[in-house]
Amino acid sequence: MKLSDLAQHLGATLRGDPSADITGVASIETAGPGEITFVANPRYASLARTTQASAVLVEPAFPDIPAATLRIANPYLAFARTIEVFYQAPSYPPGIHPTAVVAPTAKIGVNAHVGAHVVVGDNAVIGDNAVLLPHVVIYPNVRAGNNLFAHAHAVVREYCQLGDNVVLQNGAIIGADGFGFAKQADGSWYKILQSGPAVLEDAVEVQANACIDRASIGETRIHAGAKVDNLVQVGHGSTVGKDTLLCAQVGLAGSTTIGKSVILAGQVGVAGHCTVGDGAIATAQSGIPGDVEPGKVVSGYPAIDNRQWLRTVAAINRLPELLRNLKSSPKINEK
């Protein structure tokens, strides 16, 4: 693809040879002739001057470099769109595999691809253009909108509801029983029936081996545009706001409320019945035992303001030095 054509496709401003051939994409460390890369993080800016890539996606004010540049406000987003130009994803033609088991009362929309050993239960309704890859299981009475894409071994439990353009990666489990047990007089645990569905609104993506539990009563709801990373646990009765990111191994205890446009980084844990406000950010491995105000950035356990946490960690790292100074102090030795 000519660099000028790619620039036009992305809506970017080109500085460099418009006739250069671009054949693929790569990271800035490994890119070679014929490939395009990007700089979105300032720490990689110096590599742009030495990269062997034929072109680099950069912000409009980025300094001139030996390689050609495509200048655009959001180089990272432009790089994501560039990958789509060069990567040919598999296509899945409409049809139902002979080994699939689709209940007579189920309804599947037009242009659906139903792969090998898929199971679709009684009274399930799935919209148009669905792709259900091998071993996907749709329980009875599920309602799913258009363009559902369920990768192999994804499971959607009974009565759960999915909006349009939902993506379920391999092994995602939607609507498994929430972890609810009542203690009996003899000390044993009585299972609480988990009667409420999990609801995923439009454009939600749940990645590999993540679990969105159903509720005992009411519902568990993931609002439109939220993205749930690998190995995330969303406890029963929780709510996750619009366009929120739950990164790898995040855990939400039951009845947690997460606002919109929140980012919970890897391995963040949130205690039950807590509220995390809109736009808040929790850095990796933070533990949140209470509510977090909208827009706050928190870190550590128990999670506190990020700047305070950074100062605290810096002070902890100095404790051995401070202790040595105290021991060597004349006044201390006199005592």
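The values are calculated or read from the model by the stated rules, or taken from the named source; none is laboratory data. Bear in mind the structure is a predicted one, so any value in this text is a computation, not a measurement. Please note: Cβ atoms are built from the backbone with ideal geometry, for glycine as well, and neighbour counts cover all protein chains shown.
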Checklist (1) surrounded by 17 or more Cβ atoms within 10 Å (Cβ to Cβ); (2) under 17 Å from the mean Cα position of the chain (by Cα) applied to residue 254, failing item: (2)
Within the range 159-168, considering residues that are under 19 Å from the mean Cα position of the chain (by Cα) and in a loop (DSSP other than H, G, I, E, B), the one surrounded by the most Cβ atoms within 10 Å (Cβ to Cβ): 166
Condition met for residue 285 (among the polar types (S, T, N, Q) and at positive phi): yes
Residue ID - farthest from residue 216 (Cα to Cα), chosen from residues in the range 103-158 that are of a type in the set (D, E, K, R) and under 27 Å from the mean Cα position of the chain (by Cα): 128
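Return yes when residue 267 is touching a Cys at 6+ places or on another chain (Cβ under 9 Å) and at positive phi and no when it is not. So that I can check it myself, show each step before the final result.
Numbers: touching a Cys at 6+ places or on another chain (Cβ under 9 Å): yes; at positive phi: yes.
When the stated conditions are applied, residue 267 passes them.
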Search result, residues across the range 105-156 that are of a type in the set (Val, Ile, Thr), in a loop (DSSP other than H, G, I, E, B) and in contact with a strand residue (DSSP E or B) (Cβ under 6 Å, 6 or more places away or on another chain): 118, 136, 142
Filter result (under 29 Å from residue 135 (Cα atoms) and either of a type outside the set (D, E, K, R) or buried (at least 16 other Cβ atoms within 10 Å of the Cβ) (or both)) within the range 58-85: 83
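Suppose we keep only residues that are among the small types (Gly, Ala, Ser) and at pLDDT 95 or above within the range 66-90. Which one would you say is nearest to residue 42 (Cα to Cα)?
At the first step, the residues of the range 66-90 found to be among the small types (Gly, Ala, Ser) are 67-68, 73, 78, 80, 89.
Right, trim to at pLDDT 95 or above and you get 67-68, 73, 78, 80.
Working: 67: 17, 68: 18, 73: 14, 78: 17, 80: 18 Å.
Checked the range 66-90; the qualifying residue nearest to residue 42 (Cα to Cα) is 73.
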Leading residue by the ranking (surrounded by the fewest Cβ atoms within 10 Å (Cβ to Cβ)) among those in the range 169-205 that are under 15 Å from residue 139 (Cα atoms) and of a type in the set (A, V, I, L, M): 176
Flag if residue 261 is surrounded by 14 or more Cβ atoms within 10 Å (Cβ to Cβ), touching a Gly at 6+ places or on another chain (Cβ under 7 Å) and of a type outside the set (Lys, Arg): yes
Every residue from the range 16-25 that is in contact with a Lys or Arg (Cβ under 7 Å, 6 or more places away or on another chain) and closer than 19 Å to residue 73 by Cβ: none
In the range 215-225, the residues that are surrounded by fewer than 24 Cβ atoms within 10 Å (Cβ to Cβ), in contact (Cβ under 8 Å) with a residue 24 or more places away in the chain and in contact with a strand residue (DSSP E or B) (Cβ under 7 Å, 6 or more places away or on another chain): 216, 223
Pick from the range 32-57, criterion among the small types (Gly, Ala, Ser) and either outside any strand (DSSP E or B) or touching a residue at least 60 places away in the same chain (Cβ under 8 Å) (or both), ranking: surrounded by the most Cβ atoms within 10 Å (Cβ to Cβ): 53
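So, in the range 10-21, exactly how many residues are under 19 Å from residue 50 (Cβ atoms) and crowded, with 16+ Cβ neighbours inside 10 Å? If you could, list the steps in order and put the result at the bottom.
Residues of the range 10-21 that are under 19 Å from residue 50 (Cβ atoms), as a first pass: 15-17, 20.
The next check asks that each one be crowded, with 16+ Cβ neighbours inside 10 Å; those that pass are 15-16, 20.
Adding up the residues that qualify gives 3.
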